[in-house]
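K.L.:
Below is one structure. I have some questions about it.
The values are calculated or read from the model by the stated rules, or taken from the named source; none is laboratory data. Values in this document were obtained by computation on a predicted structure and should not be read as measured data. Quick reminder, even Gly has a Cβ in these numbers, built from the backbone with ideal geometry, and neighbours come from all protein chains shown. For the accessible areas, the whole protein counts, side chains as well, though only heavy atoms, and no ligand, DNA or RNA atoms are used. Shrake-Rupley method; radii C 1.70, N 1.55, O 1.52, S 1.80 Å.
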Amino acid sequence: MNVPLTLAGSIMVLTAGIHVFAGGPEYHDVYQSVLPTPHLAAMAAVLWHAITVNLIVSAGAYFWLAQHPSRPFLVALAAMQLGWTALFLFYGTTMLGSLWPMPQWVIFLTTVLLTIYGARQRDVARAS
């Protein structure tokens, strides 16, 4: 078992829980009440729940990778997490003027670093 990848999967489970139970009332419910058209509200709901799916699938992927080494799958998962990191960093700095109003980038960067560390583990390094 690859401990860093298992830890990354656990972080994704925790993040999904925070997203659903803390973010829902703070963001999703607000979007649904303030968006001016049903179409925009539906699109916001789809995007919100797509993030939930992404977090849950990412968690499952990390847990699977911890048991079944695959460098290409690991690189793809790390790239996706790096993409999330970049989005939060870019929009936090350009639209909000600071990294800290949206600190989610810390979570995603942590999973990227754990992925890199996990890739250095002997079982992943030998897998193709």
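K.L.:
Just the number, please: carbon plus sulfur as a percent of the accessible area of the stretch 12-58, 1.4 Å probe, no ligands or DNA/RNA counted.
P.N.:
Numbers: 2340 of 2950 Å².
The nonpolar share, carbon plus sulfur, comes to 79 percent.
K.L.:
Let me know the shape class of the stretch 40-128, please: from the alpha-carbon gyration tensor, a ≥ b ≥ c as square roots of the eigenvalues, rounded when a/c is under 1.5, otherwise prolate if a/b is greater than b/c, or oblate.
P.N.:
oblate
K.L.:
Compute the length gained on full extension between Arg71 and Thr93: take 0.36 nm times their separation in residues and subtract their Cα-Cα distance, giving the result in nm to one decimal.
P.N.:
Net length gain for the segment: 4.7 nm.
K.L.:
Mean residue ellipticity at 222 nm from the helices of the chain, using -39,500 (n - 2.57) per DSSP H segment of n ≥ 4 over the full residue count, to the nearest 500 deg cm²/dmol?
P.N.:
-25500 deg cm²/dmol
K.L.:
If you don't mind, another one. Calculate the FRET efficiency for Val34 and Ser10 from the Cβ-Cβ distance with a Förster distance of 35 Å, rounded to the nearest 0.05.
P.N.:
Result of the calculation: an efficiency of 0.55.
K.L.:
Taking the solvent-accessible surface of protein heavy atoms with a 1.4 Å probe, what is the per residue accessible area of the stretch 1-88 in Å²?
P.N.:
Accessible area per residue: 55 Å².
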